[in-house]
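Worksheet: the structure to be examined is printed underneath.
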Amino acid sequence: RFGHLLSLSALLLIMAIVLGIIVFVASKGLSTFSRDNVSVKEFFTGTIWNPGTKTPSGQQAVGALPMIVGSFLVTLLAAALATPFAVGTAVYMTEISPKRGAKILQPVTELLVGIPSVVYGFIGLSVVVPFVRSTFGGSGFGILSGTFVLFVMILPTIVSMTVDSLKGVPKYYR
């Protein structure tokens, strides 16, 4: 009885905290639209992000379209590039060389899966962005750098998931 009451109390506390976070974030985020008279359409379709300035219509310049499109492009490109590499690596690890895959590649893959995304981001900022800047010019910040960092970040996860999936397939179906 005490355990059920304790579990219910913990559940209610967690739900209250999550609800509080959602209300806080929503109230701060929605205040841009109500207090500053920014239209939702302009936010999603505008191409200029400079909250301190005004657009010709008198609203703050908070167009998020380039950031939204950039996020989708980086995600799609990284997934499209990582998937063939990951599936090929997983097939090699499970079918072509299962002993080497189990002894060498599996621990390395699991180690790479455990690296926090902040570390990948730091390496991207300190290595990838300067490389892209010196090779192609510009600031180095962009879709190419983001795609490469996200590619390296998701590759071990996709490899690990594909290896687990392939190991679950019965031998007579392979």
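Structure notes:
- Cα centroid separation, the stretch 17-43 to the stretch 148-165 (Å): 35 Å
- Amide H contacts under 5 Å for W49: G63, restricted to partners 5 or more places along the chain or on a different chain, H placed in the peptide plane at 1.01 Å from N.
- Positive-end ranking of V169, A78, F122 along the dipole of the chain, with charges on Cβ about the Cα centre, is headed by V169.
- Exposure proxy order (Cβ contacts within 10 Å, fewest to most) of M67, M153: M67, M153
- For the stretch 129-139, the Karplus equation 6.51 cos²θ - 1.76 cosθ + 1.60, evaluated at θ = phi - 60°, returns couplings of 4, x, 5, 5, 4, 6, 7, 10, x, x, 7 Hz by residue, with Gly and Pro reported as x.
- Folded to 0 to 90 degrees: helix 2-35 orientation relative to the chain principal axis, Cα: 50 degrees
Read-outs throughout are calculated quantities, based only on the coordinates presented, and are distinct from any laboratory measurement. Because the structure is a prediction, the values reported are computed rather than measured. Positions of Cβ are generated from backbone atoms using ideal geometry, with glycine treated the same way; all protein chains shown enter the neighbour counts.
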